[in-house]
Amino acid sequence: MGSERELAFIAVHKESYPRVYRFVRRRVESAEVAEELAADVFRVAWQKWGDGARTDTAWLFTVARNLIGNAYRSRDRQLALQEKLRSASELRTGGESADLVVHDVMAALRENERDILQLAYWDEMSMAEIAGVLGCSESAARVRLHRARAAFRKQMPAAAGSITQKTGA
């Protein structure tokens, strides 16, 4: 059986998680991001548990709101960086480059898919190194890379078709 601290936390989590998740989900673009942020709310609550910090619903929603703001700022910085890289590529290679198609496909992927592809191809990491970075087994890393490649291929025809239409090929 858990300690009193653990049992009290479990009770708060059980009672509050659905409301916190719904609060976050209405404010972010995907269920995956909402699940991650809601889990982070309770990670913060666990870290503050017993330090005299409030753990009522209003406090949990405040933590959630702050984490959502951080996520939006992070996303905005990522989008600005992607746009800057795209602009630099356009200047370097012209507007009809295959590099731009790859860039656009990468931007359309989920973050975890984009990350593993970058680790494998840009950073030229071995499967063991990728597994170490991701904190998983090599077989799990292989599966993730396989799925990311499939997602890339699925996006590629649409992007390649649009580039061919622009060039008249």
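Side notes on the structure shown:
- Packing, taken as the mean count of other beta carbons within 10 Å per residue, orders the peptides 105-115, 120-130 from highest to lowest as 105-115, 120-130.
- Normalised by the number of residues in the range 1-61, the average gap of Cα pairs under 8 Å and 6 or more apart makes the relative contact order 36 percent.
- The orientation-averaged shadow of the Cα convex hull for the range 4-72, equal to a quarter of the hull surface, comes to 4.2 nm².
- Local net charge near residue 63, Cβ-Cβ under 9 Å (Lys/Arg +1, Asp/Glu -1): +1
Read-outs throughout are calculated quantities, based only on the coordinates presented, and are distinct from any laboratory measurement. Everything numeric here is computed off the predicted structure, so don't read it as measured data. Positions of Cβ are generated from backbone atoms using ideal geometry, with glycine treated the same way; all protein chains shown enter the neighbour counts.
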